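The values are calculated or read from the model by the stated rules, or taken from the named source; none is laboratory data. Because the structure is a prediction, the values reported are computed rather than measured. Please note: Cβ atoms are built from the backbone with ideal geometry, for glycine as well, and neighbour counts cover all protein chains shown.
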Amino acid sequence: MSEKYQQNAQYKRLIQQSLHAYKAADFSEARQLAQQAVNLYPGKEDGWLLLAACSPLKPRLEYLRRALSIDPHNHRTREQYRLTMQQLNNKKDTSQRKQSSQQRKNINLPTTPFSLSIFAVIPWIVAVFLFGSGFIYFMGNSDSTPTFHTNPIAKQVYAALYPSNTPLPVTPTVPSATPTETATPTFTATATLTPTSTRTNTPTPTPTNTPTHTFTPTLSIPEAAALEDRWINIVISEQKVYAYEGTKMVNFFIVSTGDSDHPTIPGEYRVNIKYVTDDMAGPGYYLYDVPYVMYYHNGFAIHGTYWHTNFGTPASHGCTNMRPEDAEWLFNWAPLGTLIIIQE
């Protein structure tokens with residue numbers, strides 16, 4: 001058990017040292033440290049991600065592929081893999097264009113042997129002159145558009161310069177006919193006498209305030225929170241966090257609690273430590289600079305989340321994941337010792 005703990009501590013130390021070297025632009029040192037971390041724990045993705053960040057495009061793609069094999073649902077790794085593939089394709093296209101242009105430059109016209117006299121070269125010069133003058137005459141007098149103007153870029157330019165505008169139908173007679181028919185005084189008198197217009201205005205918009213019912217939780221306030229100035233209520237079934245001041249709810253947020261394999265544990269807790277940013281590690285993951293962390297029981301916490309946006313569905317390892325801006329508000333609002341009540 002102690003040996004495994006020492007290996008974990010060594011792995012975390014290598015990762016931290018590699019990060020410091022990477023931030024100092026010492027990519028060679030960062031790559032060596034990350035490689036040592038990968039050799040120690042090849043089943044963790046953060047070492048592969050560091051190797052990818054310190055490597056050229058081709059090995060970077062392979063390191064990102066290894067990281068995705070460990071966690072295929074990591075959106076940030078998938079985005080980095082897509083960008084790396086795009087950069088490789090762009091680089092490949094650029095090299096192919098340079099190669100083709102170089103090949104075109106290397107094409108030479110057929111030359112005559114040096115042993116031939118000047119009279120043998122004259123027919124070639126005359127033929128080239130006649131062909132060139134004829135081509136210039138044809139290009140100057142041709143009315144048809146050359147074919148090289150029909151490539152996709154040229155088509156986009158033509159579409160931008162000459163858009164196809166379809167005329168809109170204009171019917172000026174319709175509005176002119178309506179005021180003549182409604183201009184009769186008899187109709188206006190009956191309209192003022194009928195009380196239907198006042199009855200249509202009487203329905204008050206108060207029933208439309210139904211969204212306020214979605215803002216208030218359906219569960220009753222627990223007795224443990226009766227004397228609390230500020231307290232937090234996490235409702236797992238609703239995937240929501242409510243912020244209370246006494247018996248008045250002041251804010252609520254849509255969150256993601258633990259999934260079926262790593263459930264969030266119901267109960268009554270208190271915020272015992274707060275970090276603006278903190279690194280979090282667990283089986284198969286290592287997260288850097290997790291924002292606005294409020295621990296309340298062992299490793300369980302309420303914190304901001306930048307690695308997914310699946311809020312409203314359980315997606316965490318037992319913590320309560322919030323949008324970073326929501327977590328910042330709750331972090332600044334709730335002091336140390338704030339009561340947290342977690343309900344099913």
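Remark: pairs (first residue in segment 72-99, surrounded by 11 or more Cβ atoms within 10 Å (Cβ to Cβ); second residue of a type in the set (D, E) and not in a helix (DSSP H, G or I); Cβ separation under 8 Å; 6+ apart in sequence or on different chains) = T77/D71.
Taking the stated definitions as given, is G258 in contact with a His (Cβ under 9 Å, 6 or more places away or on another chain) and in contact (Cβ under 8 Å) with a residue 12 or more places away in the chain?
Yes.
Among Y275, Y285, which is the only one that is in the same structural domain as A327 (by TED's automatic domain parsing), more than 18 Å from S260 (Cα to Cα) and surrounded by 12 or more Cβ atoms within 10 Å (Cβ to Cβ)? Matching residue, one of Y275, Y285: Y275. If you check A67, A25 for being closer than 21 Å to L287 by Cβ and either outside the structural domain of N310 (by TED's automatic domain parsing) or touching a strand residue (DSSP E or B) at 6+ places or on another chain (Cβ under 7 Å) (or both), only one passes: A67. Right, L50: of a type outside the set (D, E), touching a helix residue (DSSP H, G or I) at 6+ places or on another chain (Cβ under 8 Å), in a helix (DSSP H, G or I) and closer than 16 Å to Y288 by Cβ or not? It is true that L50 is of a type outside the set (D, E), touching a helix residue (DSSP H, G or I) at 6+ places or on another chain (Cβ under 8 Å), in a helix (DSSP H, G or I) and closer than 16 Å to Y288 by Cβ. I265 falls short on exactly one of the conditions (1) closer than 16 Å to F331 by Cβ; (2) β-branched (V, I, T); (3) over 26 Å from the mean Cα position of the chain (by Cα), and that condition is (1).
What about K4, is it loosely packed, with under 14 Cβ neighbours inside 10 Å, at pLDDT below 85 and within 13 Å of A53 (Cβ to Cβ)?
no
Given the condition in contact (Cβ under 8 Å) with a residue 40 or more places away in the chain, within 30 Å of L227 (Cβ to Cβ) and within 24 Å of the chain's Cα centre (by Cα), answer yes or no: does some residue in segment 290-299 qualify? No, there is no match, as no residue in segment 290-299 is in contact (Cβ under 8 Å) with a residue 40 or more places away in the chain, within 30 Å of L227 (Cβ to Cβ) and within 24 Å of the chain's Cα centre (by Cα).
Residues that are charged (D, E, K, R) and modelled with pLDDT under 85 do not occur anywhere in segment 27-41. All of (1) assigned to a strand (DSSP E or B); (2) loosely packed, with under 13 Cβ neighbours inside 10 Å hold for L336 with one exception: (1). Taking the criterion of being farther than 16 Å from Y292 by Cα and part of a strand (DSSP E or B), the residues of segment 255-269 that qualify are G258, G267, E268, Y269. Those helices (runs of 4 or more DSSP H) of segment 53-152 in which at least 1 residues are at pLDDT below 75 and more than 54 Å from the chain's Cα centre (by Cα), considering only elements entirely within it, cover 118-141.
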